[in-house]
Amino acid sequence: MSNQHIGFIGLGIMGQPMAGHLLDAGYPLTVYNRTPSKTEDLANQGASVADSPSQAACQADVVITIVSDTPDVAQVIEGPGGVLEGISSGAVLIDMSTVSPALEQRLDGLLRQKGASLIDAPVSGGDVGARNATLAIMAGGDQKAFERVRPILEVMGRSITYCGPSGSGQLTKLCNQILVSVNLLAVCEALSLASRNKLDPMTMIEAIQGGAAGSWQLANLGPKIASDDFDPGFMIDLMQKDLRLVAEAAGASNTPLPATSLVHQLFQSSQAWGEGREGTQALAKVLRRLASG
Ligand code: NAP
């Protein structure tokens, strides 16, 4: 399996370590990144470097994309010099970005016309999960194509789940983002009450984490909030992109999501204060401003 050639497009916070794991596992790898300097580390470890997404795709049995937003995925796949121009019949494209399920369904049709397949496979687990290869990967698309690429996904993640036809991976990821964002607001509120009542925040987190209210957000972001560390693992701007996708899917299916809408509005305040490039835990600063005159 490891002689399958992989084209990897998008070497950001997530893509860089994910591509590194594939190289370490012995897969021949060709990488492309819009900003070429970010390819240097992987090139030094043995990856080939392509000048365009099309060039990264043309030798590849499997192409992986992980870029920012819906228009970015559309651009690297169907834009000039995009994956569609280079991909071979029989190849599988795995899009691991978090983007609109409707885009994945449309691209699925375009890939089929080329004799290729598309798997939408967004991830959860943050930069830590990408570095430790412990991501949760939720996949949609043709099930046979998914089974063919499962060993590649297993190199990057710990939990790999087939969720259904094209777009199902993205819809599952949107459910994930509801849970992440609403839980984060609860973590911020608990820490706010603790601090305004002079309760030691780290003791509160330690006491609670092992019980029914424990969570990834509390364990990983609670201590950062307590120590005023607002550096990004996952940026507020990217979370807002995801919550807009949640609102679109909710609108299209007449699904009321009142708590998610509230968090989306509170993150809007973060963005208005110039905090969009900080980590999502900076939501705590919005509550601090609400609490002080
Ligand atoms: P990032 O660090 O900002 O990296 C984005 C990557 O996409 C960069 O390589 C960037 O190229 C490339 N890119 C963006 N627009 C492009 C375009 N139009 N054409 C070509 N390349 C383009 O973001 P990230 O944190 O790795 O996130 C990537 C995806 O994973 C997003 O969809 C995000 O929602 C999802 N995700 C992130 C996390 C997390 O914790 N960070 C967790 C789960 C899922 P340049 O280097 O040239 O800018």
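The values are calculated or read from the model by the stated rules, or taken from the named source; none is laboratory data. Nothing here was measured: the structure is a model prediction, and the numbers come from that model. Here the Cβ is made from the backbone with ideal geometry for all residues, glycine too, and neighbour counts use every protein chain on show.
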Item to check | Single residue of L179, L174 found to be without any contact (Cβ under 8 Å) to a residue 40 or more places away in the chain, within 19 Å of A250 (Cα to Cα), within 14 Å of the ligand (Cβ to nearest atom) and assigned to a helix (DSSP H, G or I) | outcome: L179
Checklist entry - Condition test on K173, is it modelled with pLDDT of 95 or more and exposed (fewer than 13 other Cβ atoms within 10 Å of the Cβ)? => result no
Next on the checklist: Go through the range 5-15 and report how many residues are farther than 21 Å from G126 by Cβ, within 14 Å of the ligand (Cβ to nearest atom) and either surrounded by fewer than 24 Cβ atoms within 10 Å (Cβ to Cβ) or at pLDDT below 95 (or both).
Outcome noted: 0
Checklist entry - Here are A190, A207, A252: which of them is over 26 Å from A130 (Cβ atoms) and touching a helix residue (DSSP H, G or I) at 6+ places or on another chain (Cβ under 8 Å)? => result A190
Checklist entry - Considering only helices (runs of 4 or more DSSP H) fully contained in the range 221-293, which possess at least 1 residues that are of a type in the set (D, E, K, R), closer than 16 Å to L185 by Cβ and in contact with an Asp or Glu (Cβ under 9 Å, 6 or more places away or on another chain)? => result 283-291
Checklist entry - For residues in the range 108-127 being within 21 Å of C175 (Cβ to Cβ) and aliphatic (A, V, I, L, M), which is nearest to the ligand (Cβ to nearest atom)? => result V123
Next on the checklist: With the requirement that a residue be surrounded by fewer than 17 Cβ atoms within 10 Å (Cβ to Cβ), assigned to a helix (DSSP H, G or I) and either among the β-branched types (V, I, T) or in contact with a helix residue (DSSP H, G or I) (Cβ under 9 Å, 6 or more places away or on another chain) (or both), what does the range 28-54 give you?
Outcome noted: K38, D41
Checklist entry - Restricting to the range 112-133, what's the tally of residues that are surrounded by 24 or more Cβ atoms within 10 Å (Cβ to Cβ) and not in a strand (DSSP E or B)? => result 3
Next on the checklist: Need the failing condition index for L184 against (1) outside any loop (DSSP other than H, G, I, E, B); (2) surrounded by fewer than 18 Cβ atoms within 10 Å (Cβ to Cβ), just the number.
Outcome noted: (2)
Checklist entry - Among (1) out of contact with any Cys (no Cβ under 6 Å at 6 or more places or on another chain); (2) within 16 Å of the ligand (Cβ to nearest atom), which single condition is N197 missing? => result (2)
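Rundown of residues vs (1) buried (at least 16 other Cβ atoms within 10 Å of the Cβ); (2) of a type in the set (S, T, N, Q); (3) in contact with a Leu (Cβ under 7 Å, 6 or more places away or on another chain); (4) assigned to a helix (DSSP H, G or I), yes/no style:
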| residue | (1), (2), (3), (4) |
| --- | --- |
| N3 | no, yes, no, no |
| P17 | yes, no, no, yes |
| G26 | no, no, no, no |
| A56 | yes, no, no, yes |
| V67 | yes, no, no, no |
| A74 | yes, no, yes, yes |
| I77 | yes, no, yes, yes |
Next on the checklist: Condition first: crowded, with 19+ Cβ neighbours inside 10 Å, over 12 Å from the mean Cα position of the chain (by Cα) and over 14 Å from T65 (Cα atoms). Now tell me which residues in the range 134-148 satisfy that.
Outcome noted: G140, G141, A145, F146
